[in-house]
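Below is one structure; the comments refer to it alone.
The values are calculated or read from the model by the stated rules, or taken from the named source; none is laboratory data. No experiment lies behind these values; they were computed from the predicted model shown. Ideal geometry is used to build each Cβ from the backbone, glycine not excepted, and the neighbour counts take in all protein chains shown. Remember, those area values only see protein heavy atoms, side chains included, never the ligands or the DNA or RNA. Shrake-Rupley method; radii C 1.70, N 1.55, O 1.52, S 1.80 Å.
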Amino acid sequence: MANQAAGTNFHRNLVTRSVRCCIAGGGPAGMMLGFLLARAGVHVLILEKHGDFLRDFRGDTIHPSTLEVMHELGLLPQLLQLPHQEAREIGAQIGDARFTFADFTHLPTRCKFIAFMPQWDFLDFLARQAAHYPGFDLRMRTEAVDLIEEFGRVVGVRAQAPEGPLEIRADLVVAADGRTSSLREKAGLQAQELGAPMDVLWFRLATRPDDPEQTMARFEAGQIFIMIYRGEHWQCGYVIPKGSMEQLQARGLNAFRADIAKHAPFARDRAAELASWDDVKLLTVQVDRLREWYRPGFLCIGDAAHAMSPIGGVGINLAIQDAVATANYISEALRKGTLNVDRLKAVQRRRELPTRVTQRFQVVIQKRVISRVLGRIGELDPPFAVRMLTRFSILQRIPARLIGIGIRPERVTTRATAVSTQPQESADLGSAR
Ligand SMILES: Cc1cc2nc3c(=O)[nH]c(=O)nc-3n(C[C@H](O)[C@H](O)[C@H](O)COP(=O)(O)OP(=O)(O)OC[C@H]3O[C@@H](n4cnc5c(N)ncnc54)[C@H](O)[C@@H]3O)c2cc1C
């Protein structure tokens, strides 16, 4: 539950503001929701604790369904002008056998590919577009630290900004603060842990002109290695059993470099680019889901409501789809000041099925494939399902649909208000760039 303001210093120079909706977290869920609400004429304030959108890792996939949303918003051509790579299929290698796992070219969407774009470019793009609407405000370097509650209802957020403490009063507070959401804890919402057997090591290697360009996942007994082609570099993921980073480090960096060379012989000479373990980031994986996503005056979306496994690279897609559904259900009521808890309940009802089905799929893959591969010694044979994918290429459309579109794709139904010709000065775009 929300605490009293943290310490007496908090009250010094306290600034109080009032908005219709305050969103904690400027990730895919928060930025998309902020944009859609501002576009629908709602006064919205996003708080982002970091000074920019640059992070070691943010997941750089923009799925066909998100590109469809961008088309509905009339923003697709501008978005695709930003540097990106287009993956029309995703491949995998098990032992020596190579196969295409997902073929996006038959999807019933405008863009039949996954766009790989630095997430900070995508978020920055949304921020710039949102800044054209008078109701949009984005505060970078501002951390939501607590909820303000009155008579069992959330009525605002306490935040820490560079200039000092902020108190924001809002009809609705949305927690879009990711898988380590502190606000969902403050709200006392209970999460169900679904478990993840692995963590991921994340690093970059340079590309060369004669490299293959296909995004690849390579499965060997005891090891899974993923390479995503990003133009000037390879984004590499090395999957390890949960909690085994110390053992890996004890084997030494040279042994790790040798593993990389084994998985990607064409990049053998570049393994030396990893000068120390500082070049390798550990990303812990967690999968969970809130039993209730809301309380009066409060709603969780994206990873704050359901932390996603990296399996299938679909978490961003779900976060964006949550944002679209939320805006569809609440923007009119928020604008008129008539929002009630039934609307928040409706958001959970709408988004719970896609979340459950996707997480179920991820957990099954984690148990049946990831755990088995990581625990295996000796040769690895392609499982039956994989042999079928290779034999009947039409089957490659199924994973493509699950990854590219997902379950119950959302359409934007919110109306658009007029844009200002000049971006809002209040939007903290300078620091977002
Ligand atoms: C190893 C790994 C690899 C993954 N790979 C992919 C992939 O390739 N493709 C994919 O689609 N998904 C991937 N995912 C999942 C994906 O990262 C998440 O599902 C997605 O980022 C969720 O978006 P979000 O907006 O809900 O949260 P986040 O992206 O986590 O954004 C939350 C934001 O809130 C901010 N914040 C946090 N606390 C506060 C606070 N108190 N006040 C203010 N701001 C705050 C954070 O700085 C952050 O900007 C991966 C996950 C993992 C763990």
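If you go through segment 125-180 and keep only what is within 14 Å of the ligand (Cβ to nearest atom) and polar (S, T, N, Q), you end up with 142, 160, 180.
Out of (1) in contact with a Phe, Trp or Tyr (Cβ under 9 Å, 6 or more places away or on another chain); (2) closer than 26 Å to residue 150 by Cβ, what's the single condition that is false for residue 330? Residue 330 satisfies every listed condition except (1).
From the list 204, 139, 179, 184, the lone residue that is in contact with a Phe, Trp or Tyr (Cβ under 7 Å, 6 or more places away or on another chain), basic (Lys, Arg), at negative phi and surrounded by 16 or more Cβ atoms within 10 Å (Cβ to Cβ) is 204.
Exactly one residue among 264, 175 is modelled with pLDDT of 95 or more and not aromatic (Phe, Trp, Tyr), and that residue is 175.
Taking the conditions exactly as written (more than 14 Å from the ligand (Cβ to nearest atom), open to solvent by less than 20 Å² (accessible area, probe 1.4 Å) and not charged (D, E, K, R)), does residue 260 satisfy them or not?
Values: more than 14 Å from the ligand (Cβ to nearest atom): yes; open to solvent by less than 20 Å² (accessible area, probe 1.4 Å): yes; not charged (D, E, K, R): yes.
Answer is yes for this residue.
Of the set (1) open to solvent by less than 50 Å² (accessible area, probe 1.4 Å); (2) under 23 Å from the mean Cα position of the chain (by Cα), all apply to residue 158 but (2).
Does residue 337 satisfy the criteria of being buried (at least 16 other Cβ atoms within 10 Å of the Cβ), farther than 23 Å from residue 401 by Cβ, of a type outside the set (A, V, I, L, M, F, W, C) and more than 22 Å from the chain's Cα centre (by Cα)?
Working: buried (at least 16 other Cβ atoms within 10 Å of the Cβ): no; farther than 23 Å from residue 401 by Cβ: yes; of a type outside the set (A, V, I, L, M, F, W, C): yes; more than 22 Å from the chain's Cα centre (by Cα): yes.
No: the conditions fail for residue 337.
Within the set of pairs 6+ apart or on separate chains, which have a first residue in segment 26-46 that is closer than 12 Å to residue 326 by Cβ and part of a loop (DSSP other than H, G, I, E, B), a second that is open to solvent by 10 Å² or more (accessible area, probe 1.4 Å) and within 14 Å of the ligand (Cβ to nearest atom), and C-beta atoms under 8 Å apart? Partner pairs satisfying both residue conditions: none exist. Whenever a residue of segment 114-132 is touching a residue at least 40 places away in the same chain (Cβ under 8 Å), its partners that are open to solvent by 10 Å² or more (accessible area, probe 1.4 Å) and in a helix (DSSP H, G or I), lying with C-beta atoms within less than 6 angstrom and at least six residues away or across chains, give the pairs 127/429; 131/429.
Restricting attention to segment 181-201, the residues that are under 20 Å from residue 34 (Cβ atoms) and near the ligand (Cβ under 9 Å from one of its atoms) total 3.
Only strands (runs of 3 or more DSSP E) wholly contained in segment 48-108 count here; list those with 1 or more residues that are open to solvent by 10 Å² or more (accessible area, probe 1.4 Å) and of a type in the set (Phe, Trp, Tyr). Show your work before the answer.
On the way: elements: 85-87, 89-94, 97-103.
Filter on segment 48-108 gives 97-103.
Just wondering, is there one or more residues in segment 233-245 that are farther than 20 Å from residue 60 by Cβ and over 28 Å from the mean Cα position of the chain (by Cα)? No, that holds for no residue.
Only residues that are part of a helix (DSSP H, G or I) and free of Cβ contacts under 8 Å to residues at least 40 places away in the same chain were counted across segment 370-396, and they come to 8.
Taking the criterion of being crowded, with 22+ Cβ neighbours inside 10 Å and among the small types (Gly, Ala, Ser), the only residue of segment 142-155 that qualifies is 144. In segment 411-428, the residues that are modelled with pLDDT of 75 or more form Cβ pairs under 8 Å with partners that are open to solvent by 60 Å² or more (accessible area, probe 1.4 Å), at six or more places apart or across chains, as follows: 414/332.
Scanning segment 294-336 for residues being in a helix (DSSP H, G or I) and within 7 Å of the ligand (Cβ to nearest atom) gives a total of 9.
Condition test on residue 185, is it within 27 Å of the chain's Cα centre (by Cα) and without any contact (Cβ under 8 Å) to a residue 12 or more places away in the chain?
Details: within 27 Å of the chain's Cα centre (by Cα): yes; without any contact (Cβ under 8 Å) to a residue 12 or more places away in the chain: yes.
Yes: the conditions hold for residue 185.
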